[in-house]
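Following: one structure in structure tokens, then a few remarks.
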Amino acid sequence: MDLEEFLSENGIPPSPQHDHSPHPPGLQPASSAAPSVMDLSSRASAPIHPGIPSPNCMQSPVRPGQLLPANRNTPSPIDPDTIQVPVGYEPDPADLVLSSIPGQEMFDPRKHKFSEEELKPQPMIKKARKVFIPDDLKQDDKYWARRRKNNMAAKRSRDARRLKENQIAIRASFLEKENSALRQEVADLRKELGKCKNILAKYEARHGPL
């Protein structure tokens, strides 16, 4: 009689089958229990929670060649030409027209700058003596053509000189107003600086030097 039939006839439950694997039931193979070095490195780099980024992602990357400022509170340098001084100066529109070249932009005394060569004093030029021209030469067409050309050149020279003089005059008037405003601003700053020095001196006398 088979063992299983005998047990079933007598009401005895069959015994559980034993695992014939070489390892004990409570132990797992070493390959499945201990992950490899590559698995540990990948798990360490992965975030614990998928919704929270890793700490490396929270840091802002520094670009190659980029230098961090030593002191972030240091103000950046200011270009002196960009400083606007409040000056109550409104030139006469007629003077601006006389100081501007026809067909070009209106002359601005606040922005226009002259070179050192333009501001050099010009020497006094004596007027040339008149040369007597005989009447027979005045009948020549070449004489009148040269005279008209000479007169046009002299007129252009006078207009250019007068235009430059008008521009310098308006520019000098604006600079006088700006100089007065700057002097007043310097006086106010010196007054404020004196107050700060007095406060600092009282503090150092009471608590010692900083």
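Read-outs throughout are calculated quantities, based only on the coordinates presented, and are distinct from any laboratory measurement. What you are looking at is a predicted structure, and each value in this text was computed from that prediction instead of being measured. A quick note on method: Cβ atoms are made from the backbone with ideal geometry, for glycine too, and the neighbour counts reach across all protein chains shown.
Data for the structure
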| read-out | value |
| --- | --- |
| Approximate spin-label separation VAL97-LYS113, in nm, with each point projected 7 Å along Cα-to-Cβ | 3.1 nm |
| Square roots of 5 times each gyration tensor eigenvalue, C-alpha, segment 117-210, largest first, Å | 68, 11, 9 |
| Contour excess over end-to-end distance, with Cα ends at TYR203 and ASN179 and 0.36 nm allotted per residue | 5.0 nm |
